[in-house]
Ligand SMILES: Cc1cc2nc3c(=O)[nH]c(=O)nc-3n(C[C@H](O)[C@H](O)[C@H](O)COP(=O)(O)OP(=O)(O)OC[C@H]3O[C@@H](n4cnc5c(N)ncnc54)[C@H](O)[C@@H]3O)c2cc1C
């Protein structure tokens, strides 16, 4: 972590100027609020001197100008639910939070051209509701994070979801970005007055700039256009499980091939037993007498009880009935002998299964009543329906039951994510997951692992350390485990697609790329006041 002193007179002057600009009610300095904002799902020591809540673009621009004038750093958040990676906490100490939650307008929408333009505070639930009330035929691509998490914050971290539009950054364009140096950038065609293709064509003319504003600290994004997916004529989801560890390799080979050949268009997720079970129940403290990590025999027992495989996959087929039928046939053929169970589900079957779960299980041998609890939210996600269901997994190691509405930061849920990327081959899937499982178990945690085929050629792996922050020493243990994971996986060639606030130093700083990036930072933010240290080293003088 970077520890920087903030000169108090400068901060006081900045606070006075921000209060005048935003109104004192939108400059929060109460110690309880600031302490809460500085709390993540793992140990942090950064302090936050204020939370600023601008209401429009003009006010964001003024906040930046004041920050530059008094050399006080700002950290922007859209909804601040960057759980597992740092929540609302800035990388550097002493940054004021620039909370963009009040910029929550849906600015533009086209049913015909299938896009929506939003401000940073717009949430998944908000766009979903917007489309539903219009009886739109369009879907968003939702993440498994809270319904109240933002579209823009997630996309700026290059997050991903479940449908064919699962790679979020690949389906956006036309950003509006305010730079700390006072400039306002429009990406793509939006910079050309009257350009009609601004919301529908990505690249514009000349250098493409969108990527510069993801995973960086060059500017504050105040608008972005998201392309929406037309609901297909027919949708069918599929689920499979493998009972043997070694089956993961051939399954990944088959899935890659199916994605490359265009048989499957959507993100496919494969989760290990720990991951799936943590979505269905909390840690079995009673059965283990409080011992952690989970013993192999108990894990096997839980697998049996919940009908969970060693590896468990889900994805969906989208198209006309005929297209889905063909894809289903090929999928069956390619996965045959590689998976234990392959089940397909559509709306009609789901309604039927919900009504007749028992007889259905007699006919098909699949006990749906229990599986439905887990399947329904995943099924919805594959149709762009956001859900809070996965939030319960943050309570895996907590001793109390999860409340209806979960705030993992406030409730001491330990959550530290490591997200390496690997080529989509069976060999790499096995090497990466075996290495990670061994390491995480050695540190006393359950290795919850998912592999997501967000694109055709790569696997994005999320290794989640779920623990109870109220247990003494757990934060430190999780941090050590996370550090060792990052280091060991990097030594094997598996680099993360996204970083948490404590790990920014794993980006190399001694090459030409780093020098080029530092040049851009210097140009966009000469005083280094925007999110210092976030993916780009802090260039301010250190005290
Ligand atoms: C149970 C669970 C499930 C999850 N599932 C998923 C999942 O399926 N996919 C996934 O990708 N993630 C997932 N997450 C991780 C995370 O919660 C999401 O990625 C979430 O969307 C990020 O939070 P946010 O949208 O509030 O972004 P924020 O926290 O607001 O921002 C994220 C980052 O972007 C920067 N930023 C935000 N807004 C701006 C802006 N306007 N201008 C410049 N920089 C900005 C911030 O500084 C920060 O670094 C999950 C987490 C949990 C706990």
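Under the condition of being buried (at least 16 other Cβ atoms within 10 Å of the Cβ) and within 27 Å of the chain's Cα centre (by Cα), the residues counted in the stretch 259-298 number 23. Selection of strands (runs of 3 or more DSSP E) fully inside the stretch 325-439 by the criterion of at least 3 residues being within 22 Å of residue 235 (Cα to Cα) returns 341-345.
Among the residues of the stretch 41-71, the ones that are away from the ligand (no atom under 14 Å from the Cβ) and under 29 Å from residue 479 (Cα atoms) come to 5 in all.
Considering the stretch 518-543, the residues that are in a helix (DSSP H, G or I) and within 16 Å of the ligand (Cβ to nearest atom) include one that is surrounded by the fewest Cβ atoms within 10 Å (Cβ to Cβ), namely 520.
Matching residues to (1) without any contact (Cβ under 8 Å) to a residue 12 or more places away in the chain; (2) touching a strand residue (DSSP E or B) at 6+ places or on another chain (Cβ under 6 Å); (3) more than 16 Å from the ligand (Cβ to nearest atom); (4) more than 21 Å from residue 162 (Cβ to Cβ):
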residue: 355; (1), (2), (3), (4): yes, no, yes, yes
residue: 374; (1), (2), (3), (4): no, no, no, no
residue: 401; (1), (2), (3), (4): no, no, yes, yes
residue: 424; (1), (2), (3), (4): no, yes, yes, no
residue: 436; (1), (2), (3), (4): no, yes, yes, yes
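You will find that of 116, 60, the residue that is more than 22 Å from the chain's Cα centre (by Cα) and either at pLDDT 95 or above or in a loop (DSSP other than H, G, I, E, B) (or both) is 60 and no other. Check the stretch 130-139 and report whether any residue there is crowded, with 19+ Cβ neighbours inside 10 Å, within 13 Å of the ligand (Cβ to nearest atom), part of a helix (DSSP H, G or I) and modelled with pLDDT of 95 or more. Within the stretch 130-139, not a single residue is crowded, with 19+ Cβ neighbours inside 10 Å, within 13 Å of the ligand (Cβ to nearest atom), part of a helix (DSSP H, G or I) and modelled with pLDDT of 95 or more. Checking 99, 93 one by one, the residue that is more than 10 Å from the ligand (Cβ to nearest atom) and over 15 Å from residue 386 (Cβ atoms) is 93 and no other.
A quick yes/no check of all residues on (1) at pLDDT 95 or above; (2) surrounded by fewer than 20 Cβ atoms within 10 Å (Cβ to Cβ):
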position	(1), (2)
364	no, yes
368	no, no
371	no, no
380	yes, yes
384	yes, no
390	yes, yes
393	yes, no
399	yes, yes
404	no, yes
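Counting only residues that are touching a residue at least 60 places away in the same chain (Cβ under 8 Å), surrounded by fewer than 21 Cβ atoms within 10 Å (Cβ to Cβ) and under 29 Å from residue 518 (Cα atoms), the stretch 191-222 holds 3 of them.
Look at (1) part of a strand (DSSP E or B); (2) farther than 16 Å from residue 108 by Cα; (3) near the ligand (Cβ under 8 Å from one of its atoms) and you find that residue 143 fails only one, number (1).
The values are calculated or read from the model by the stated rules, or taken from the named source; none is laboratory data. Since we're looking at a predicted model, the values are computed, not measured. Glycine gets a Cβ as well: all are built from the backbone with ideal geometry, and neighbour counts include every protein chain shown.
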